[in-house]
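Comments concern the structure below.
Laboratory data are not the source of any read-out in this text; all were calculated from the coordinates shown. In this text the structure is predicted, and so the values were computed from the model without any measurement. FYI the Cβ positions are ideal-geometry reconstructions off the backbone, even for glycines, and counts take in every protein chain you see.
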């Protein structure tokens, strides 16, 4: 999918920018991990999590929610966004023909 997007971008701009796409992808992945980790730890602190102490039922419930359902909701959102991805094989064929990579 990313390789197809890079070919499409080259056909529109005339420039190969694989490194830019890789950098954006790597940055977004790391930023997402940092933000979700921060949010999860802040929520757990607010509900009374204390390291080394037996967690209460409320803390356990929030731990399960923050480390399973919270990420699952974002995966669902990403899946819905990808469902709207409208780049067909014909679009790829046209882009590759324009940049001289006929298959």
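List of remarks:
- Cα-based radius of gyration of the chain once divided by 2.2 N^0.38 Å, which approximates compact folds: 1.64
- Cα long-axis angle, helix 2-13 against the chain (0 to 90 degrees, to the nearest 10): 50 degrees
- Exposure proxy for 21, 49: other Cβ atoms within 10 Å of each Cβ, ordered fewest to most, give 21, 49.
- Straightening the chain between residue 60 and residue 89 buys 5.7 nm, computed as 0.36 nm per residue apart minus the Cα-Cα spacing.
- Between region 1-75 and region 79-98, the Cα center-to-center distance that results, in Å: 25 Å
- Model label sites at residue 2 and residue 42, defined 7 Å from Cα along the beta-carbon direction, differ in position by 2.8 nm.
- If R0 is 25 Å, the Cβ-Cβ spacing of residue 21 and residue 73 corresponds to a FRET efficiency of close to 0.45.
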